[in-house]
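> This is the structure, below, for whatever I ask next.
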Amino acid sequence: MDPKLLERNIIHCDETPIQVLKEDGKEPQTMSYMWLNRTGNDEELPSSSMITDHQGMVIIL
């Protein structure tokens, strides 16, 4: 993970399984993963202000 991300109070992360049909050295049935990491505005949390009764993780892409 980029050290600049670790300096922030909020980090959004996503790991999505994907199927890559043409990848050298792998069968089309092999599962691959795509990772997304980004930061958000430390001062504004619109998802937490709109979803006040939600219990769990909220990921916004």
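The values are calculated or read from the model by the stated rules, or taken from the named source; none is laboratory data. Quick caveat, the model's predicted, so the values are computed rather than measured. All Cβ positions, glycine included, derive from the backbone under ideal geometry; neighbour counts span all protein chains shown.
> Could you list all residues from region 2-16 that are of a type outside the set (S, T, N, Q) and more than 13 Å from LEU36 (Cβ to Cβ)? Please lay out each step first, then the result.
Just the residues of region 2-16 that are of a type outside the set (S, T, N, Q), to begin with: 2-8, 10-15.
Selection gives PRO3, LYS4, LEU6, GLU7, ARG8, ILE10.
> Condition (residue is modelled with pLDDT of 80 or more, surrounded by 10 or more Cβ atoms within 10 Å (Cβ to Cβ) and assigned to a loop (DSSP other than H, G, I, E, B)) applied to region 35-48: is it met by at least one residue?
No; the residues of region 35-48 include none that is modelled with pLDDT of 80 or more, surrounded by 10 or more Cβ atoms within 10 Å (Cβ to Cβ) and assigned to a loop (DSSP other than H, G, I, E, B).
> Can you list residue pairs whose Cβ atoms sit under 9 Å apart, with the first residue in region 6-30 being more than 14 Å from GLY40 (Cα to Cα) and the second being of a type in the set (Ser, Thr, Tyr) and part of a loop (DSSP other than H, G, I, E, B)? Count only pairs 6 or more apart in sequence or on different chains.
Listed by first residue and then by second, the contacts come to GLN19/THR30; VAL20/THR30; GLU23/THR30.
> On to the next question. Among the numbered conditions (1) among the acidic types (Asp, Glu); (2) surrounded by 10 or more Cβ atoms within 10 Å (Cβ to Cβ); (3) at pLDDT below 80, tell me where GLU23 comes up short.
(3)
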